[in-house]
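Report on the following structure.
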Amino acid sequence: MKHVSVSLKENSYKIIVGHNILPKIGNQIKSLKIGDDAVVITNPLIKKLYGNVLAKSLKKSRISVKFFCVLDTEKSKSQKVAFDVIQKIAQHDVKKKIFVIALGGGVVGDLAGFVASIYKRGIPCIQVPTTFLAQTDSAIGGKVAIDLPAGKNLVGAFYQPKLVFSDVALLKTLSQRQVKNGLAEAVKYGVIKDKDLFGYIKRNSKKLLLRDLFALSHVVLKCSRIKADVVSKDEKEKKGIRTILNFGHTVGHAIEAASSYDRYQHGEAISIGMRVAGSIACTMGIFSQKNLRLIEDLLSEIGLPEKIKNVNVASMIKTMAHDKKNISKKNRFVLPRKVGQVCVMEGISLPLIQKTIKSYCA
Ligand SMILES: NC(=O)c1ccc[n+]([C@@H]2O[C@H](COP(=O)([O-])OP(=O)(O)OC[C@H]3O[C@@H](n4cnc5c(N)ncnc54)[C@H](O)[C@@H]3O)[C@@H](O)[C@H]2O)c1
Ligand SMILES: [Zn+2]
């Protein structure tokens with residue numbers, strides 16, 4: 001078991017990373033002294049796979065367990081599901097000291113974190129991420145949200161968990177597509193902050209795709225350190241430091257939105273977004289073709305998409321105009337300078353963006 005600290009004064013917490021550590025979670029939670037009654041928010045698939053191991057460990061530490069399952073779809077990040085879960089928690093919450101455990105990927109993590117943030121003006125939340133994407137990214141940093149018909153993640157908060165507990169052995173049951181999806185975020189961390197991590201992923205891409213537990217632990221730990229460091233410096237994205245985590249996301253989010261969130265998974269969309277951002281940086285003369293090829297080759301080796309298929313470029317551009325990163329009406333891009341270093345640039349010319357996106361369309 002390895003630890004990473006997220007340092008945020010009274011909101012500080014630990015990220016624990018290891019393999020086959022889920023049976024030990026009870027002790028870890030008990031030592032936090034946050035309550036004796038766990039409400040586990042998850043979905044039926046994950047409950048079937050890991051619910052028993054989690055419940056056994058909690059009960060051994062004399063923590064009571066109640067499971068609430070939501071459907072296995074992004075639609076669970078909705079007002080209706082959030083308030084259904086809250087009603088059920090309220091009925092269950094009699095003479096108890098409850099806290100929430102989010103057992104699942106980013107969907108469960110965002111929903112459960114949101115529920116914990118508003119029930120009784122906030123109850124403690126533990127994140128137990130079960131996807132590669134959630135372990136490297138979404139479970140860390142306290143962004144919790146549900147979606148509205150008008151857009152994704154529009155209702156939410158910054159609400160830090162009390163613990164993130166990442167057991168990479170849980171990733172063994174993930175689909176190959178989900179593993180690739182998580183690797184896209186891991187490549188992002190390499191490009192923005194850590195060329196050694198980038199090199200490690202390159203040398204070990206086959207092992208990672210085969211879910212070698214040692215390689216997965218190494219990558220989850222490195223990504224957790226980077227995210228913890230960035231979040232510790234800029235918890236609420238007010239100093240422009242946290243913005244670098246959005247490398248590849250401006251175009252990535254636009255691809256997801258323009259394809260109605262059902263054709264591209266998040267990691268797939270941002271992998272194309274990273275290619276586009278890299279190419280824009282090359283045209284601007286701040287990034288070399290050689291380095292762009294390095295990134296693109298790695299993404300291709302992993303098996304992430306190379307081209308945007310059947311997505312309307314005009315609607316992508318429209319979505320980008322609403323990007324949350326934009327300030328004072330200017331667009332903002334995170335652009336690479338070399339592998340391991342990025343910068344944030346404003347007011348990139350629209351024709352350049354359009355031309356580059358078009359060059360990545362199939
Ligand atoms: N809060 C943040 O900072 C942040 C960052 C990035 C993404 N997100 C959000 O995360 C969500 C996407 O998360 P995701 O990619 O983890 O998708 P997800 O939560 O939908 O999980 C993907 C699929 O994998 C299954 N699954 C999960 N764990 C499994 C396991 N161990 N074995 C087998 N199957 C398993 C799930 O049931 C689901 O079908 C989006 O809603 C996105 O907005 C949030
Ligand atoms: Zn992301």
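The values are calculated or read from the model by the stated rules, or taken from the named source; none is laboratory data. This structure is a prediction, so every number in the text was calculated from the model and none was measured. Methodologically, a virtual Cβ is constructed for each residue, glycine included, from the backbone with ideal geometry; neighbour enumeration extends over all protein chains shown. The accessibility values were calculated without ligands, DNA or RNA, using every heavy atom of the protein model including side chains. Shrake-Rupley method; radii C 1.70, N 1.55, O 1.52, S 1.80 Å.
Restricting segment 265-302 to residues that are basic (Lys, Arg) and open to solvent by 50 Å² or more (accessible area, probe 1.4 Å), the residue that is farthest from residue 183 (Cα to Cα) is 290. Determine whether residue 103 is under 17 Å from residue 72 (Cβ atoms), away from ligand 2 (no atom under 16 Å from the Cβ) and not charged (D, E, K, R). For residue 103, the condition - under 17 Å from residue 72 (Cβ atoms), away from ligand 2 (no atom under 16 Å from the Cβ) and not charged (D, E, K, R) - is met. Considering segment 155-196 alone, what residues qualify as being within 16 Å of ligand 2 (Cβ to nearest atom) and over 14 Å from the mean Cα position of the chain (by Cα)? Within segment 155-196, 156, 177, 190, 191, 192, 193 qualify. Of all residues in segment 250-264, those being touching a residue at least 12 places away in the same chain (Cβ under 8 Å) and either buried (at least 24 other Cβ atoms within 10 Å of the Cβ) or within 14 Å of ligand 1 (Cβ to nearest atom) (or both) number 10. Pairing residues of segment 145-164 that are among the acidic types (Asp, Glu) with residues that are open to solvent by 60 Å² or more (accessible area, probe 1.4 Å) and part of a strand (DSSP E or B), at Cβ distances under 7 Å and at least 6 apart in sequence or on separate chains, gives 147/154.
Can we say residue 167 is within 11 Å of ligand 1 (Cβ to nearest atom), in contact (Cβ under 8 Å) with a residue 12 or more places away in the chain and open to solvent by 10 Å² or more (accessible area, probe 1.4 Å)? For residue 167, the condition - within 11 Å of ligand 1 (Cβ to nearest atom), in contact (Cβ under 8 Å) with a residue 12 or more places away in the chain and open to solvent by 10 Å² or more (accessible area, probe 1.4 Å) - is not met. Restricting the first member to segment 70-93 and to residues that are assigned by TED's automatic domain parsing to the domain that holds residue 115, and the second to residues that are surrounded by fewer than 16 Cβ atoms within 10 Å (Cβ to Cβ) and part of a helix (DSSP H, G or I), the beta-carbon pairs closer than 6 Å and six or more apart or on different chains are 72/45. Using the structure shown, decide if residue 83 is open to solvent by less than 10 Å² (accessible area, probe 1.4 Å) and farther than 21 Å from residue 48 by Cβ. Criteria not met by residue 83. Would you pick out the residues in segment 109-137 that are touching a strand residue (DSSP E or B) at 6+ places or on another chain (Cβ under 7 Å), in a helix (DSSP H, G or I) and within 16 Å of ligand 2 (Cβ to nearest atom)? Of everything in segment 109-137, those that are touching a strand residue (DSSP E or B) at 6+ places or on another chain (Cβ under 7 Å), in a helix (DSSP H, G or I) and within 16 Å of ligand 2 (Cβ to nearest atom) turn out to be 109, 110, 113, 135.
Taken as a whole, segment 187-202 holds at least one residue that is free of Cβ contacts under 8 Å to residues at least 24 places away in the same chain and crowded, with 17+ Cβ neighbours inside 10 Å.
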